[in-house]
Number of protein chains: 2
Amino acid sequence: MATGRTHRPATRSRGIPEATVARLPLYLRALTALSERSVPTVSSEELASAAGVNSAKLRKDFSYLGSYGTRGVGYDVEYLVYQISRELGLTQDWPVVIVGIGNLGAALANYGGFASRGFRVAALIDADPAMSGKPVAGIAVQHADELEKIISDNGVSIGVIATPAGSAQQVCERLVAAGVTSILNFAPTVLTVPDGVDVRKVDLSIELQILAFHEQRKAGEEAPPEEETAPPVAPPAATVKKRTDPGSDGDVPAVMPA
Amino acid sequence: MATGRTHRPATRSRGIPEATVARLPLYLRALTALSERSVPTVSSEELASAAGVNSAKLRKDFSYLGSYGTRGVGYDVEYLVYQISRELGLTQDWPVVIVGIGNLGAALANYGGFASRGFRVAALIDADPAMSGKPVAGIAVQHADELEKIISDNGVSIGVIATPAGSAQQVCERLVAAGVTSILNFAPTVLTVPDGVDVRKVDLSIELQILAFHEQRKAGEEAPPEEETAPPVAPPAATVKKRTDPGSDGDVPAVMPA
DNA sequence: CCATCTTTGTGCACGCGTTCACAAAGGCAT
DNA sequence: ATGCCTTTGTGAACGCGTGCACAAAGATGG
């Protein structure tokens, strides 16, 4: 499998760690900014600072791509921009469909970062017939019935799901069946997909909850340690009273009354 | 610091690994769904499947919170919902401000997942005077001048930045100066903050780029390995021609012409 | 042409996170 | 009351990612 250097288990090109791949867009953004300012070269230290990582990590990341730097000088900005773009597959055109043109879907359609970097919004799709034909971000919304045809005609392999949670899995299945192999999911659901399909998840609510955890931790640091060993609610009894509570708060966390 | 069991270096409550914290909201969501269906108990296997993780990981995660399960039975759904909610700090009310009411900010204001789980949108703030007073998601947008007062009056400690990249750092500094200690950043920039302030970043463009990488990898698997050792562009020469290219494509990746 | 100085590329060690596999614990049936 | 059966909780091993620290590489000045 490996072509030349066999001192590493995986082939160079295929062996880029996930963590590194996730940082490449960061580097690319910092480099693009430098490129716009016509900065010819940059050191690992400067670039790392601009990207918000430390320089050792950056150098190691770049080492997975190859030896693109010049010792004593640094990295050629334009050259590195090209190399990273190529590695990420941004030198080609990626048609993308956005399914679910609610508030979020519309925001995504208008989002500049989508259109740049090789991504092209091929279509906006919504299940609501009232949306059909309505222009959003300069593109007419099409009905969900057209989904399969749109994907097939445009050779779409990346789909963005911005529907309510209830429809996400169904939309996902239709996308996959139509040929989509990468999905960016904004719906708060776990998507089940066959092997070979990549799903990335962006969950606004989860990020906030993580922040709340740390915020609480900060607040609790000054205060004395509250009694956390004594559960303020009934411990799991052997026989649990089946709570028949149909009208529970829906998505609101069910905080048990003390 | 530790009360009883001292066989672990960190205190139990404080020693929850980051990776575990990041999964707690997932578990909480799955548990909430079960709670709504009045399911009394759930096994680690079932819950793990619903949350999209494996059961060993889930059990280990829960073990950091305490021994909340019953062997041979599983976990009490309601009890666990409460415990996780408490651990995440969701049993208290978190007022949140959203700064930058463009397409994305409006989408966030309307996002149901925000309002639920203890988060309350205390204010929407925008720098555009034309936006002031305009209702979004039922809340009147306020001008950026009011930022400090709003934060102070409402005791806001969590801020969401949905401004353009250019204003993000400045907004961030004002938020921090006014007392905000947790920031959720949607602007495509690296934010610099003082110690003690948490920043989480959601970057739509980065997620798409990561997908593109894997997509390219999939596509390249069938095709024979392209010559990747021969750089198709000029390698970094000793003396780099300073490219004076003022009108470079802005945010579009600068693909060097061959 | 040589010495010096800067900066890269990377071997190595460490720590965190994941996964396995199993003993302990408790319910349940008889 | 006793034994069986299910499921938790966790010790231990493994692998990945991170950061240190330094040798190699190359530019630059004399």
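Any read-out appearing in this document is the output of simple, stated calculations on the displayed coordinates, not a laboratory observation. Note that the coordinates shown come from a computational prediction; the quantities given were computed from them, not determined experimentally. Neighbour counts are summed over all protein chains in view; Cβ atoms, including those assigned to glycine, are modelled from backbone coordinates with ideal geometry.
Structure data summary
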{"quantity": "Entries of B:Lys57/B:Lys201; A:Lys149/A:Lys201; A:Lys134/B:Lys201; A:Lys218/B:Lys201; A:Lys218/B:Lys57 with Cα pairs more than 22 Å apart", "calculated": "B:Lys57/B:Lys201; A:Lys149/A:Lys201; A:Lys134/B:Lys201; A:Lys218/B:Lys57"}
{"quantity": "Hull volume in cubic angstrom per residue (convex hull over the Cα atoms of region B:18-88)", "calculated": "75"}
{"quantity": "Karplus-derived HN-Hα couplings along region B:50-62 (A = 6.51, B = -1.76, C = 1.60, θ = phi - 60°), whole Hz, x at Gly and Pro", "calculated": "5, 8, x, 10, 8, 5, 5, 5, 4, 5, 5, 4, 5"}
{"quantity": "For region A:119-133, Karplus couplings with θ = phi - 60° (6.51, -1.76, 1.60), whole Hz, Gly/Pro x", "calculated": "8, 10, 6, 7, 6, 10, 10, 9, 7, 7, x, 5, 7, 4, x"}
{"quantity": "Label distances, nm, B:Ser67 versus same residue in remaining copies, Cβ-directed 7 Å point", "calculated": "5.8"}
{"quantity": "A:Ala56 versus B:Ser167: modelled label distance in nm, points set 7 Å from Cα along the beta carbon direction", "calculated": "4.0"}
{"quantity": "Kirkwood Rh and Cα Rg combined as Rg/Rh, region B:128-195", "calculated": "0.96"}
{"quantity": "Average beta-carbon neighbours from other chains, 10 Å sphere, peptide B:72-81", "calculated": "4"}
{"quantity": "Cα-based convex hull, region A:6-124, per residue volume (Å³, whole number)", "calculated": "130"}
{"quantity": "Mean separation of Cα contacts under 8 Å (6+ apart) over length of region A:18-86, as relative contact order %", "calculated": "41"}
